[in-house]
Amino acid sequence: MALRQVREMGDPILEKKSREVTQVTERTKELIDDMFETLYDQNGVGLSAVQVGVLKRIVTIDVSDDGDEPVVMINPVIRESDGEQEGYEGCLSVPGKTGKVKRPNHVIVDYLDEDMQPQSMEGDDVFARCICHECDHLEGKLYVEMVDGPLQDIEDVEEEQERQRKRKRLRIKRKR
Ligand code: NI
């Protein structure tokens, strides 16, 4: 296993469409292992192969706050989506930045697992957002194209959220 270099916005490879995977070789397995290692090293929740410079339709996702298992999806296709959510999104290829993006709140995705067996999975909330974000990468699209309003610095947004939490705590104290 090895860490791979994450390509950043401005690198033309991120605008390219990734190719379907037709077989899982030892090299593919090594790539998947490296993608997970890189994802955890960077504290991300999702990574697509193109982000480490490989134009293959492979994504790795681990949104384990809600107890979901890490998942690798080969040739994922979103078959159904419904509902709407808006929330802050970030990307390891756009370090330090965040922006509000509207996404479906629920998706059903078909994909192949590491044994090339067809699977499908449903996702809600953060998981649905992450599946959409990673599938966009495979089409050469970055979330920054979809941001509502300006792209912001993560630090600024976190500071503002902290201020709001403090104000809320103060209001609760005053009510007592
Ligand atoms: Ni991304």
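Quick one: which strands (runs of 3 or more DSSP E) sit completely within region 60-167 and have at least 1 residues that are of a type in the set (Gly, Ala, Ser), touching a Pro at 6+ places or on another chain (Cβ under 9 Å) and within 14 Å of the ligand (Cβ to nearest atom)?
97-103
List, please: which pairs have Cβ atoms under 9 Å, are six or more places apart or on different chains, and start with a residue in region 32-55 that is under 22 Å from Gly10 (Cβ atoms) and within 12 Å of the ligand (Cβ to nearest atom) and end with one that is of a type in the set (Phe, Trp, Tyr) and not in a strand (DSSP E or B)?
Taking only residues 6 or more apart or on different chains, the pairs are Leu47/Phe36.
Return yes or no: is Lys29 more than 25 Å from Ile154 (Cβ to Cβ), outside any strand (DSSP E or B), within 16 Å of the ligand (Cβ to nearest atom) and touching a residue at least 24 places away in the same chain (Cβ under 8 Å)?
Spelling it out, it is not the case that Lys29 is more than 25 Å from Ile154 (Cβ to Cβ), outside any strand (DSSP E or B), within 16 Å of the ligand (Cβ to nearest atom) and touching a residue at least 24 places away in the same chain (Cβ under 8 Å).
Looking at Val59, Val54, Val72, can you tell me which residue is surrounded by 13 or more Cβ atoms within 10 Å (Cβ to Cβ), more than 15 Å from the chain's Cα centre (by Cα) and β-branched (Val, Ile, Thr)?
Val54
Just checking, which of Asp124, Asp148, Asp110, Asp136 is in contact with a Lys or Arg (Cβ under 6 Å, 6 or more places away or on another chain) and surrounded by 12 or more Cβ atoms within 10 Å (Cβ to Cβ)?
Asp110 is the lone residue from the list that is in contact with a Lys or Arg (Cβ under 6 Å, 6 or more places away or on another chain) and surrounded by 12 or more Cβ atoms within 10 Å (Cβ to Cβ).
Values in this text are rule-based calculations from the coordinates and carry no lab data. A quick note: this is a predicted structure, and the numbers were derived from the prediction, not measured. All Cβ positions, glycine included, derive from the backbone under ideal geometry; neighbour counts span all protein chains shown.
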